[in-house]
Amino acid sequence: MTIKQLTSAIIEAACDLWRRGDIVAIPTETVYGLAADAEQDAAVAKIFTVKGRPQFNPLILHVSSLEQLADYVEVTPLLTKAAAAFWPGPLTLVLKRKSGAKLSYLVTAGLDSVAVRLPAHPIAQELIQAYGKPLAAPSANKSNSISPTSAEDVAASLGNDVPLIIDGGQTRIGLESTIVDLTSETSTILRPGGVTFEDLNKVFGQMRYAEVGAAITAPGMLKRHYAPSIPMRLNVLEKQANEVMLGFGNVEGDLNLSEQGDLGEAAANLFRMMRLLDNPVNRAIAVAPIPYWGLGIAINDRLSRAATREI
Ligand code: TXA
Ligand code: MG
């Protein structure tokens, strides 16, 4: 088994792997990431190979400080403001790539923008700091499958393809980061996530969502993205024969995202419970209605992507 607890020897082993162009799975507060040295093309390419990604989606650059960012992106007043309000935390910002930045073009899929994030997980911060350079990382799962919220999830999805998985327990937030594009006049939300619309509005003023299906600037908006192997049926109050049910609040199920109806608890449980119910002996997963506010927006977004049958 390649799952290891964090020790100084393991930090050294991870840094060695990154220096040599290899990949390491690390915990963040949202989901586990599959991390590589963002300056080495071959290392970043390995991420795509291991994930089995059909195309080169751009990746998020993970940093341990704002200073570290200045070598890679244009630091703007809006970035400083957003960082002060939300970092470290589950917010990814898309910024203009700095000219001359030593960054593999595979990280940005050839775009002239870069998505960056300062994760709140102490293990992620410690590792990035120890490495001394930012790490490029997508979620540590096979393409089109559910994002991993524990080291065991990573092992189940990627198994022997990852030389080292660092254990940080179950992730606190359980959903990917919110992605906000700061490259144009009006800031837009490219992906709902761990930071809510309401919280963003408090800091940025009125935000808007990027149009669904809008071009390559939002490749993360591919319709089908996070999917169990059996169909999902949403907004269900009662399951049918041979279905398993994911409940919420007082709509009961075989598992319940949050009996108290707490959206934070539901987000943290979402991917883990989808995995638990994803068993071919069941015809489908029926899911209780989730309210459309706060983290409920991101939860509904992931559920509808998981439920859609188109690619
Ligand atoms: O919480 C998270 O964001 C996790 C953890 C590991 O940090 N990461 C994650 O990465 O969810 P990934 O690769 O699964 O999703 C990153 C999304 C992709 O949908 C990608 O299209 C978008 O970020 N993205 C990256 N760079 C971009 C850019 N320059 N412009 C627009 N979208 C970008
Ligand atoms: Mg992902």
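The values are calculated or read from the model by the stated rules, or taken from the named source; none is laboratory data. Quantities reported herein were computed from a predicted structural model and do not represent experimental measurements. Using ideal geometry, Cβ is built from the backbone for each residue, glycine included, and neighbour counts are taken over all protein chains shown. For accessibility, only protein heavy atoms count, side chains too; no ligands or nucleic acids. Shrake-Rupley method; radii C 1.70, N 1.55, O 1.52, S 1.80 Å.
In table form, for the structure just shown:
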| quantity | calculated |
| --- | --- |
| Residues with amide H under 5 Å from that of Gly261, placed H, sequence gap 5 or more | Gly249 |
| Glu39 long-range amide H proximity, modeled H, under 5 Å | Ser104 |
| Hits among aspartates and glutamates - C-alpha to C-alpha of Lys239 under 16 Å, sequence gap 8 or more where chains match | Glu252, Asp254, Asp278 |
| Cut-off 14 Å between beta-carbons: net charge of the residues surrounding Lys239, Lys and Arg +1, Asp and Glu -1 | -2 |
| By accessible area with a 1.4 Å probe, ligands and nucleic acids excluded, highest first: order of Arg305, Arg275 | Arg275, Arg305 |
| Cα gyration tensor category, rounded, prolate or oblate, for region 102-162 with a/c compared to 1.5 | oblate |
| Inter-part distance where region 1-43 and region 131-202 are each reduced to a Cα centre, Å | 15 Å |
| Shape call, region 46-110: gyration tensor on alpha carbons, a/c limit 1.5 | prolate |
| Solvent exposure of the chain as accessible area per residue, Å², 1.4 Å probe | 42 Å² |
| For the chain, the longest site-free run once chymotrypsin sites (Phe, Trp or Tyr not before Pro) in DSSP loop states with at most 12 other Cβ atoms within 10 Å are removed | 1-291 |
| Environment charge at Ile3 (Cβ cut-off 12 Å; Lys +1, Arg +1, Asp -1, Glu -1) | -2 |
| Candidate lysines - alpha carbon under 20 Å from Lys51, same-chain residues fewer than 8 apart omitted | Lys142, Lys223 |
| Accessible area (Å², 1.4 Å probe, nearest 10) - Asp254 | 80 Å² |
| Contour excess over end-to-end distance, with Cα ends at Leu237 and Glu67 and 0.36 nm allotted per residue | 56.2 nm |
| Accessible surface of the chain [probe 1.4 Å, protein heavy atoms]: carbon and sulfur percent | 53 percent |
| Shape call, region 232-307: gyration tensor on alpha carbons, a/c limit 1.5 | prolate |
| Selection of trypsin sites (Lys or Arg not before Pro), region 99-175, meeting DSSP coil and at most 11 other Cβ within 10 Å | Lys102 |
| Beta bridge orientation in the chain: antiparallel %, DSSP, nearest 5 | 45 percent |
| Amide H contacts under 5 Å for Thr188, placed H, 5+ residues apart | Asp181 |
| In nm, spacing of pseudo-spin labels at Ser229 and Arg208 (7 Å Cα→C-beta vector) | 4.3 nm |
| Estimated translational D of region 3-209 in µm²/s (Stokes, Kirkwood radius over Cα pairs; 4 °C; 1.567 mPa s) | 77 µm²/s |
| Solvent accessible area, Å² - Arg19, 1.4 Å probe, full protein context | 130 Å² |
| Ranking by accessible area, most exposed first, for Glu176, Glu259, Glu265 with a 1.4 Å probe | Glu259, Glu265, Glu176 |
| Backbone HN-Hα couplings from phi across region 8-13 [Karplus 6.51/-1.76/1.60, Hz, Gly and Pro as x] | 5, 5, 6, 4, 5, 4 |
| Mean residue ellipticity (222 nm) of the chain, computed from DSSP H runs ≥ 4 via -39,500 (n - 2.57), nearest 500 | -8500 deg cm²/dmol |
| Whole-Hz couplings from phi, Karplus 6.51/-1.76/1.60, listed for region 176-184; x for Gly and Pro | 5, 5, 6, 10, 10, 8, 9, 7, 10 |
| Net lengthening on full extension, Ala85/Asp254 (0.36 nm per residue, minus Cα-Cα) | 57.0 nm |
| Environment charge at Tyr105 (Cβ cut-off 12 Å; Lys +1, Arg +1, Asp -1, Glu -1) | -1 |
